[in-house]
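Below is one structure, written out as structure tokens; the observations come after it.
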Amino acid sequence: MIQSMTGYGKSLVQLESGNLTIEIKSLNSKNIDLNTRITNSVKSKELLIRKHLSDKLKRGKIEFLLYKDSTNNNKKSLLNSPLINTYIDQLRDIVDGSAVELLKIAVKMPEAIISEEIEENNSDWPIIYKQIENAIESLIKYRKDEGLALEKDFIMRIHKIEDLLSSINKIDPKRINHIRSKINLEIEKLNIDHDNNRFEQELIYYIEKIDITEEQVRLKNHLEYFLSSIKNSTSNGKKLAFIGQEIGREINTIGSKANNSEMQKLVIQMKDELEKIKEQLLNVL
């Protein structure tokens, strides 16, 4: 099945030091284009993260964010015992009071309580890595869901081109007969002597030049190949784009050989459907 290159995944890591948020955004690109912003505490794992993203996501303009939640309370409070004892000793010199009363006063004094930031440690990495994987899988699911919508659109438009090709197949014999009759009529109007055998040979040669039988067969095969390719287990937008080019080549050749206004109108409609397919293929993984 095909996948879109557009996607979004998010995950949350809950650690003793606070919460880490992981976000992955993906847009279409010819190749893999990674942009990462990672909190300093996990910066040492950046190369590993980038390789994993490349292996899993294959193509696309990828933005990876791993940051600390701004609302995190990742600090622990510690009593500054030496300073508090100093405060108590000084207070005893100037006031009478129990040890509890003096302690209550001392802990309210400047720097009696200090805050210390809790840092991630190596044991947190497996937890973080697992949540990175969850965010990636979430993005891939998004891509697959988008791919299903694209697949339906492709199938609908390919069937439209097939229907237009059937219409061309129906009018093609009439087109050839009309061209033959028109040339014969023009020769009669000229009223000149000519070699009938030579004329018939030239006429056959001309009709062969505008014959579209091979193009019709190849176009039908390309359309069938496109439909079978989007059902493959792996998404391959580059392959589909190549098949789209081959479809376009056959449609263009039919148009150049048409010499028939009705057929030209059908060719224009086919080109319109193919152009919409090509636009959507830019977003296929």
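For segment 209-217, check the following and say yes or no: at least one residue is touching an Asp or Glu at 6+ places or on another chain (Cβ under 6 Å) and outside the structural domain of Ser29 (by TED's automatic domain parsing). So far as segment 209-217 goes, yes, one or more of its residues are touching an Asp or Glu at 6+ places or on another chain (Cβ under 6 Å) and outside the structural domain of Ser29 (by TED's automatic domain parsing). Taking into account only those residues within segment 226-285 that are assigned to a helix (DSSP H, G or I) and of a type in the set (Lys, Arg), which is nearest to Ile176 (Cα to Cα)? Within segment 226-285, the match that is nearest to Ile176 (Cα to Cα) is Lys257.
Go through the residues of segment 142-165 one by one and say whether even a single one is part of a helix (DSSP H, G or I), more than 29 Å from the chain's Cα centre (by Cα) and either at positive phi or not aliphatic (A, V, I, L, M) (or both). The answer is yes; a qualifying residue exists. Just one of Asp33, Asp55, Asp69 is surrounded by fewer than 18 Cβ atoms within 10 Å (Cβ to Cβ), more than 16 Å from Ser4 (Cα to Cα) and under 17 Å from the mean Cα position of the chain (by Cα); which is it? Asp55 is the lone residue from the list that is surrounded by fewer than 18 Cβ atoms within 10 Å (Cβ to Cβ), more than 16 Å from Ser4 (Cα to Cα) and under 17 Å from the mean Cα position of the chain (by Cα). Comparison of Gly255, Gly248 shows that the only residue that is of a type outside the set (A, V, I, L, M, F, W, C) and under 23 Å from Gly147 (Cβ atoms) is Gly248.
Restricting attention to segment 150-174, the residues that are farther than 12 Å from Ile277 by Cβ and either in contact with a Cys (Cβ under 8 Å, 6 or more places away or on another chain) or touching a residue at least 24 places away in the same chain (Cβ under 8 Å) (or both) add up to 8. Taken as a whole, the structure leaves Ala106 outside the set of residues that are of a type in the set (Gly, Ala, Ser), over 30 Å from Glu273 (Cα atoms) and in contact with a strand residue (DSSP E or B) (Cβ under 8 Å, 6 or more places away or on another chain).
Whether a residue is more than 28 Å from the chain's Cα centre (by Cα) and hydrophobic (A, V, I, L, M, F, W, C) was assessed, and Ala135 does not pass this test.
Residues in segment 84-93 include none that are surrounded by fewer than 16 Cβ atoms within 10 Å (Cβ to Cβ), in contact with a strand residue (DSSP E or B) (Cβ under 6 Å, 6 or more places away or on another chain) and not assigned by TED's automatic domain parsing to the domain that holds Thr234. Among the residues of segment 248-267, write down those that are of a type in the set (D, E, K, R) and more than 35 Å from the chain's Cα centre (by Cα). Those that are of a type in the set (D, E, K, R) and more than 35 Å from the chain's Cα centre (by Cα): Lys257, Glu262. Could you check, for segment 192-211, whether at least one of its residues is at pLDDT 75 or above and outside any helix (DSSP H, G or I)? Among the residues of segment 192-211, at least one is at pLDDT 75 or above and outside any helix (DSSP H, G or I), which makes the answer yes. Candidates in segment 117-133 are the residues that are of a type in the set (S, T, N, Q) and more than 23 Å from Lys56 (Cβ to Cβ); of these, the one that is modelled with the highest pLDDT is Ser123. Could you list all residues from segment 76-101 that are in a loop (DSSP other than H, G, I, E, B), modelled with pLDDT under 80 and more than 26 Å from Glu16 (Cβ to Cβ)? Within segment 76-101, Val95, Asp96, Gly97 meet the criteria. For segment 22-48, the candidate set comprises residues that are more than 13 Å from Tyr67 (Cβ to Cβ) and in a helix (DSSP H, G or I); within that set, the residue that is modelled with the lowest pLDDT is Ser44. Of all residues in segment 246-272, those that are closer than 17 Å to Pro173 by Cβ have Cβ atoms under 7 Å from Cβ atoms of residues that are not in a helix (DSSP H, G or I), 6 or more apart or on another chain, in Ile254/Ile212; Lys257/Ile210; Lys257/Ile212; Asn259/Ile210. Among the residues of segment 1-21, those identified as outside any strand (DSSP E or B) and under 14 Å from Glu63 (Cα atoms) are Met5, Thr6.
The values are calculated or read from the model by the stated rules, or taken from the named source; none is laboratory data. What you see is a predicted model, and the numbers here were worked out from it, not measured in a lab. Quick reminder, even Gly has a Cβ in these numbers, built from the backbone with ideal geometry, and neighbours come from all protein chains shown.
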